There are 2 protein chains.
Amino acid sequence: MSENSYTEVGNYARDSMRDEKRLAEPYSRIDKDLDRHVDRIRRLLKQPSSSQQDIGIDKCADLVGKLYKEVGAEKVEVVETKGNPVVCGECRGESDRTLLVYFMYDTMPFNEPGWKYPAMGAKMVDMMLSGGKVKAIVNRGSDNTKGPLAAFLNSVDSCNKSVGRPPVNLILVAEGEEELGSPSLPGYIKKDKKRLSKADACYFPFFGQDCDGASNLYLGVKGVVYFEMESSGKRWGRGPEEFAIHSSHKAWVDSPVWRLIDALKTMTDDNGNKILIDGFYDAVAPPTPEDDMLIKALAKRFDSKAFRETMKVSRFSIPESDKEALIRRFVFGTTLNIDGIWGGYTEKGSKTVLPHMATCKVDIRLVPNQEKDRMIPLVRKHLDAHGYADIKLTEIDTGYDCCRASVKEPVVQSIISSFRAFGLDPAIWPTSGGAVPFYAFNKILSIPFTMSGIGHSDLAHSPNEYMVVHGNRKIVGLADIEKFFVHFMDGFGRA
Amino acid sequence: MSENSYTEVGNYARDSMRDEKRLAEPYSRIDKDLDRHVDRIRRLLKQPSSSQQDIGIDKCADLVGKLYKEVGAEKVEVVETKGNPVVCGECRGESDRTLLVYFMYDTMPFNEPGWKYPAMGAKMVDMMLSGGKVKAIVNRGSDNTKGPLAAFLNSVDSCNKSVGRPPVNLILVAEGEEELGSPSLPGYIKKDKKRLSKADACYFPFFGQDCDGASNLYLGVKGVVYFEMESSGKRWGRGPEEFAIHSSHKAWVDSPVWRLIDALKTMTDDNGNKILIDGFYDAVAPPTPEDDMLIKALAKRFDSKAFRETMKVSRFSIPESDKEALIRRFVFGTTLNIDGIWGGYTEKGSKTVLPHMATCKVDIRLVPNQEKDRMIPLVRKHLDAHGYADIKLTEIDTGYDCCRASVKEPVVQSIISSFRAFGLDPAIWPTSGGAVPFYAFNKILSIPFTMSGIGHSDLAHSPNEYMVVHGNRKIVGLADIEKFFVHFMDGFGRA
């Protein structure tokens, strides 16, 4: 692949900066090294690191440490925690400013059906998007977020190998438990506080363009709580207690499966859209004036169709015509979602059994000022009040509180400037729907944060997760993605 | 194992019959051949024959044909059908009467967790029951119903090898699709009607003692209908349509899982015990005077505790104190049971997804005069009326109508006499909870039927299914089980 094949949109940005040596030299180095950069990304992607299933974690942590060193980081350490290791390292930069770059090296499981290419094959494939053909790497973690991790390291490498150092001091922190709710991260931050306190802001790189090239900047993340609800005959004292029995006994023996259905139904109405748990919405803060302003601006340009089409969704749960209402629903929507449910006989055919238990996995997404530690107790209280004290709740992984930064923070203003330098005018969202543990940095280190980047990737948590490497007329390719990172570091160093 | 080790309860029966040569000689032969009989049972059990999973069916059909010949049956045929073969054979007997013996050679799947011994190992193990230690064979099908099949063939063998022929003419019919709802059986019966029409009655052998030695005689079987209910975003036109998406989108995208919960909840109340489907109970016939008489008699002796303890159930769904009400519930209870439910992420950990579909398996048990062909349309109508036209219903396997015989039928009176000859006074139930396709014989051949036998086996459809071979002071062993079959044939031949 030729050097130019990765650069479509951002050329003028590069051109306009040509005379600025501190950018031009790293940019040029990126163009030269691009094939090597792609290889580095593929190396990282191909190393499995599913924290849910504990597959490949230690090997991936070692590989991240190795990549840190490869791109010139110092004081690289694979720090043991109670759970998976944190990989940290530092780079001395041009400016006095220090940016803490947060990465996650763990991924979702990758054994679900529906992969057209091997989930760990890092295969480069042609893909048709609305702006034309792209080349993308298909692999678990390419979007979320080992692709951005490796791309950011590539940008650091290019600075070191051209002008000798990156534009700002960097503290690199990669955790391996994000998909478990980052249980060890707050402990690590407290322990390594002396080093981390030097940071002026925190940054989480990812690819922020949608499939139509539109870019999104999220000023915050939602919180999340995840738990299992289990109905069992044993705990209930009714129904089969030890094993599934012949279903003819349903005539006089109770069903723990129907009990789970009944219990769930007390919790929501309207296909799960209206949550009936007492106090669930109580803490929810009203939108701030900044939120209102951002939502109004967003509504004018929000391409809801593109969102839907990527997800293969024909319609939203509320009318699509009122864009403002739709955005409000996403930004302020606290949710009670069933991630999975199972019980009894689930294979082929007609085994007739009355099961002894049924279980579901539930996640709650949190908005300001809901607190993660209060949500499971609220569900517990609701179930007890409705006579379901026997339904067991088990928290799975640690939750996150939500976290937001003001659009006025210098680090946020820097990222917006970088978007604009690459010809993109990002839609600014008060929050993303996803959850990352910024609250830990925010609470313990009291630093603001920002995230995003340019480029396109998608299908996190789904089969055929991908990142675009060779873009089209709407989506930038890898070279511009990496140049954006350099530009952002440079801007923040001088902000 | 010594000859006597299989005979504990029934000795006096054998003693009182000693002077009747036609029984004494087959009985003696059973005692002599008992080890060989155990081997024959284990041979049949060890041959897998899971019709749900299509494992070992043809081999098992061939083995059954081989066993028919081994025990002296003639005109043995493995008859091809649209589905699994039916194995039939005939024996000329002493009497002019002809008994059609119905067997099933297929079993439930046997790959569920919880087996203490290999499900296909036919291991002989010691087991403690309330009447003391027993020796039992643990294997899928030992209770339901390859154990009784082989034991009945052993009894025929003993007649042929002692007095030269069984007491009645026998037509042996073994199907391999009972656990699929016997879809090919009615067709087979119609096709082979000429041969089968010679039968005066139909009999299904099984082991009718519970773990405390009490015996039960069931005058009928319930009907059953089995189907899957599937909620999918694609059919609904809402929610994810192609794959599970990131659960953050629950804020503005609908959930097919919650939809299934909502739809199910419209169908029942009270943990599934009260069915809310319009017309569901309409056809249910009131108890007949014979039913009432039988239920009153049953209530006086029904050991509900023993039933519960075998199932590992602490309490019934209605108070146990009112035995009559309890029995009525079992006998007349038409049920809507969830056999299994699944959707989304069901493995370890916390994958956060909004699933695109959710499915459950449901069985309905039918009592007089509910008709199997009307039940799924009723459910369909209910779902449509409640706005769930998108929820797909798929019938799994063919259903059965229920079927009953009067206690006054000669074949029923014969079986009761045989119970009494072996010192057992069976509790007479208007129906069992299970379903077998007697309705096919009943409707097409217009013959009455009976079922049961002595001996104990249990855990049909569960792990560790077993049949007792060496009994204790409450439960007879294999020798008496087989002698009972001889006695019953003899009695029916002379009834």
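The values are calculated or read from the model by the stated rules, or taken from the named source; none is laboratory data. Please read these numbers as outputs of a predicted model, since none were measured by experiment. Note that each Cβ is placed from the backbone with ideal geometry, even for glycine, and that neighbours are counted across all protein chains shown. For the accessible areas, the whole protein counts, side chains as well, though only heavy atoms, and no ligand, DNA or RNA atoms are used. Shrake-Rupley method; radii C 1.70, N 1.55, O 1.52, S 1.80 Å.
The criterion of being among the aliphatic types (A, V, I, L, M), farther than 30 Å from B:MET108 by Cα, within 12 Å of another protein chain (Cβ to nearest Cβ) and buried (at least 21 other Cβ atoms within 10 Å of the Cβ) does not hold for A:ILE295. Selection of region B:225-283 for residues being crowded, with 24+ Cβ neighbours inside 10 Å, facing chain A (nearest Cβ under 7 Å) and more than 30 Å from B:SER350 (Cβ to Cβ) yields only B:TYR226.
Residue-by-condition table, conditions (1) in contact (Cβ under 8 Å) with a residue 40 or more places away in the chain; (2) over 21 Å from B:GLN52 (Cβ atoms); (3) within 13 Å of chain A (Cβ to nearest Cβ); (4) open to solvent by less than 10 Å² (accessible area, probe 1.4 Å):
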| residue | (1), (2), (3), (4) |
| --- | --- |
| B:LYS361 | yes, no, yes, yes |
| B:ARG374 | yes, yes, no, no |
| B:ASP397 | yes, no, yes, no |
| B:ARG404 | yes, yes, no, no |
| B:VAL412 | yes, yes, no, yes |
| B:ALA421 | yes, yes, no, no |
| B:ILE428 | yes, yes, no, no |
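Condition (residue is closer than 18 Å to B:GLU177 by Cβ, open to solvent by less than 10 Å² (accessible area, probe 1.4 Å) and in contact with an Asp or Glu (Cβ under 6 Å, 6 or more places away or on another chain)) applied to region B:87-94: is it met by at least one residue? Yes, region B:87-94 contains a residue that is closer than 18 Å to B:GLU177 by Cβ, open to solvent by less than 10 Å² (accessible area, probe 1.4 Å) and in contact with an Asp or Glu (Cβ under 6 Å, 6 or more places away or on another chain). Restricting attention to region A:330-360, the residues being of a type in the set (D, E, K, R) and under 19 Å from the mean Cα position of the chain (by Cα) number 1. Within the bounds of region A:475-486, is there any residue that is open to solvent by less than 10 Å² (accessible area, probe 1.4 Å), under 30 Å from A:GLY114 (Cα atoms) and within 14 Å of another protein chain (Cβ to nearest Cβ)? No, region A:475-486 contains no residue that is open to solvent by less than 10 Å² (accessible area, probe 1.4 Å), under 30 Å from A:GLY114 (Cα atoms) and within 14 Å of another protein chain (Cβ to nearest Cβ). Of the residues A:ARG315, A:ARG328, the single one that is more than 7 Å from every other protein chain (Cβ to nearest Cβ) and open to solvent by 20 Å² or more (accessible area, probe 1.4 Å) is A:ARG328.
Listed by first and then second residue, the pairs linking a residue in region B:342-359 that is more than 7 Å from chain A (Cβ to nearest Cβ) to a residue that is in a loop (DSSP other than H, G, I, E, B) and among the acidic types (Asp, Glu), with Cβ atoms under 9 Å apart and 6 or more places separating them unless they lie on different chains, are B:HIS356/B:GLU241; B:HIS356/B:GLU242.
The residues of region A:435-462 that are open to solvent by 20 Å² or more (accessible area, probe 1.4 Å) and either among the aromatic types (Phe, Trp, Tyr) or more than 15 Å from the chain's Cα centre (by Cα) (or both), listed by number, are A:TYR439, A:ASN442, A:LYS443, A:ILE444, A:LEU445, A:SER446, A:PRO448. The condition of being crowded, with 19+ Cβ neighbours inside 10 Å, within 14 Å of chain B (Cβ to nearest Cβ) and over 30 Å from A:THR266 (Cβ atoms) holds for A:GLY220.
If we scan region B:445-457, do we find a residue that is within 14 Å of another protein chain (Cβ to nearest Cβ) and either modelled with pLDDT of 95 or more or part of a helix (DSSP H, G or I) (or both)? Walk me through how you get there before you give the answer.
First, the residues of region B:445-457 that are within 14 Å of another protein chain (Cβ to nearest Cβ): B:457.
Those left that are additionally either modelled with pLDDT of 95 or more or part of a helix (DSSP H, G or I) (or both): B:457.
Among the residues of region B:445-457, at least one is within 14 Å of another protein chain (Cβ to nearest Cβ) and either modelled with pLDDT of 95 or more or part of a helix (DSSP H, G or I) (or both), which makes the answer yes.
For (1) modelled with pLDDT under 95; (2) within 30 Å of B:GLY89 (Cα to Cα), each residue gets a yes or a no:
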{"position": "B:GLU175", "(1), (2)": "no, yes"}
{"position": "B:GLY181", "(1), (2)": "yes, yes"}
{"position": "B:ALA214", "(1), (2)": "yes, no"}
{"position": "B:GLY220", "(1), (2)": "yes, yes"}
{"position": "B:TYR226", "(1), (2)": "no, no"}
{"position": "B:GLY237", "(1), (2)": "no, no"}
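Of all helices (runs of 4 or more DSSP H) completely enclosed by region A:120-221, which ones contain at least 2 residues that are within 15 Å of the chain's Cα centre (by Cα)? Ranges flagged: A:146-162.
When B:ALA389 is tested against (1) within 11 Å of chain A (Cβ to nearest Cβ); (2) among the small types (Gly, Ala, Ser); (3) surrounded by fewer than 21 Cβ atoms within 10 Å (Cβ to Cβ), exactly one condition is not met: (1).
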